[in-house]
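**Q** Handing you this structure, nothing more for now.
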Amino acid sequence: MKLSIPITIFSALLLFCTTRGLAQQEELSDYEIQSNFKTEYQQFSNKIDTVTVADSARAIKESIQELDEKYRPHEELLDKALYPETYEEMMNELNQAATLAASRLQKMERQDDQLTTLQLRLLAYQEHVYELTREADSLKQAMQESIESEKQLSGMVRNYRRNLEERDQLVLDFIDSTVVAYQQIDMQAFRELQDMNSKARLNSDGNALQMIRDISAENLNILEENSSNLHLEDYMRMQTVQQRFEQMWNRLGTKIAAVYGGSDAGKLAREVEANIQKWDELLQERTFATLHDSLREKGVAISEFENAEEFNNSLNAYLDTVITESRDGTSEENYERFQAFRDFWNRVERQWSSYFTEAGIMTNTQLATISEKTDTWGEHAEPESNTMTYLLIITAVVAIVLGGLLIREKTKGNGKEKKKA
């Protein structure tokens with residue numbers, strides 16, 4: 001009996017110690033769960049902050065799902081440890097951060113692909129433009145050195161002008177392509193890409209800013225050195241190219257410089273702007289001078305003009321004057337002037353109307369007004385003497401025919417009366 005009492009006490013002590021040990025072990029396990037979760041959570045946050053590939057970001061998001069499955073059963077325990085935040089809130093934040101990182105990196109990778117494609121396209125345009133420029137230079141040199149016949153020299157000039165036309169079309173294609181490409185560039189994504197990759201800027205072999213500077217300089221040079229070889233239709237076409245080129249630069253120049261400029265971006269951009277301004281001024285001067293000369297050669301005594309507004313005013317003033325003169329009295333001289341002007345204006349309507357509008361020389365409304373006045377002039381331009389002659393001839397013919405018919409009828413009537421008698 002005395003022995004059983006100590007055993008009972010010992011058993012009680014052992015049970016107490018065991019229970020206390022298990023409780024301590026359970027408390028330690030809770031602590032480990034909390035500590036491990038915080039450590040793993042921070043590791044995922046660091047991975048999201050430093051990830052550089054969209055596929056890796058998506059893989060992190062899948063791993064976050066596994067993390068959630070691992071610790072979701074301990075949500076109540078973790079809520080206590082994470083207070084005032086909750087387990088649910090922290091997991092949502094981690095998932096959202098991973099999703100945003102994947103989306104951002106995917107956009108940056110698309111941006112990188114666009115830049116690579118744009119570089120290849122620029123290289124192709126650059127080579128083609130330079131090839132056409134070299135051909136034009138060779139043709140120009142051949143024309144300067146030519147001692148061949150006038151017919152052969154004329155053929156060289158035609159080839160030269162055809163080369164310039166092809167070059168202008170290529171420049172227009174380049175402008176269209178550049179506008180589309182740069183509209184698709186997301187500057188925020190580009191800057192992030194550049195921060196991650198110092199090679200994000202395209203190298204000088206595919207430098208759009210450099211190419212734009214070269215194109216503007218070459219077009220200015222063509223105008224300065226080829227006035228004797230260019231015709232009015234060449235200037236009309238060049239007006240369209242210049243206007244489209246300037247519009248592209250005004251719209252996208254800042255973005256182009258930001259993407260491609262490098263340390264000399266500001267200098268190149270200023271050169272482009274200076275070239276465009278000189279190009280526009282010289283082209284305007286040459287275009288309107290050639291327009292004026294073309295009209296003078298046809299005997300159309302239009303007043304001087306140096307810009308689009310003056311050209312439109314001069315045309316209207318000239319037509320108003322000749323229409324008034326025609327209404328007061330027609331003449332052969334007036335009719336010849338009308339025919340010369342009509343030939344010129346027919347060519348404008350058939351071949352140059354789009355050039356006029358695109359280059360800002362005349363609007364569609366202004367073109368229609370000149371066409372209406374030309375028609376009005378035509379209604380009054382033909383000399384009255386010719387008209388009267390035609391009328392007299394027609395009257396005489398009609399009188400002769402009617403007279404013949406009357407005589408014939410009268411003769412028949414007399415014959416019938418004689419038979420009756």
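**Q** Given (1) among the hydrophobic types (A, V, I, L, M, F, W, C); (2) modelled with pLDDT under 90; (3) buried (at least 19 other Cβ atoms within 10 Å of the Cβ), identify the lone condition not met by residue 301.
**A** With (1) among the hydrophobic types (A, V, I, L, M, F, W, C); (2) modelled with pLDDT under 90; (3) buried (at least 19 other Cβ atoms within 10 Å of the Cβ) applied to residue 301, the lone miss is (3).
**Q** Do we find that residue 307 is in contact with a Lys or Arg (Cβ under 9 Å, 6 or more places away or on another chain) and farther than 22 Å from residue 382 by Cβ in this structure?
**A** no
**Q** Look through 366, 351 and report the one residue that is surrounded by 14 or more Cβ atoms within 10 Å (Cβ to Cβ) and over 19 Å from residue 296 (Cβ atoms).
**A** 366
**Q** Answer yes or no: is there a residue in region 69-82 that is at pLDDT below 85, touching a Ser or Thr at 6+ places or on another chain (Cβ under 7 Å), closer than 17 Å to residue 35 by Cβ and in a helix (DSSP H, G or I).
**A** The answer is yes; a qualifying residue exists.
**Q** Identify, from the list 59, 97, 101, the residue that is surrounded by 12 or more Cβ atoms within 10 Å (Cβ to Cβ), in a helix (DSSP H, G or I), modelled with pLDDT under 85 and of a type in the set (Gly, Ala, Ser).
**A** 101 is the lone residue from the list that is surrounded by 12 or more Cβ atoms within 10 Å (Cβ to Cβ), in a helix (DSSP H, G or I), modelled with pLDDT under 85 and of a type in the set (Gly, Ala, Ser).
**Q** Let me ask something additional. Take region 309-359 and flag every residue that is β-branched (Val, Ile, Thr) and either farther than 13 Å from residue 374 by Cβ or within 28 Å of the chain's Cα centre (by Cα) (or both).
**A** Correct list: 321, 324, 330, 348, 357.
**Q** Return yes or no: is residue 50 closer than 21 Å to residue 103 by Cα, of a type in the set (Ser, Thr, Tyr) and without any contact (Cβ under 8 Å) to a residue 24 or more places away in the chain?
**A** It is true that residue 50 is closer than 21 Å to residue 103 by Cα, of a type in the set (Ser, Thr, Tyr) and without any contact (Cβ under 8 Å) to a residue 24 or more places away in the chain.
The values are calculated or read from the model by the stated rules, or taken from the named source; none is laboratory data. Nothing here was measured: the structure is a model prediction, and the numbers come from that model. Please note: Cβ atoms are built from the backbone with ideal geometry, for glycine as well, and neighbour counts cover all protein chains shown.
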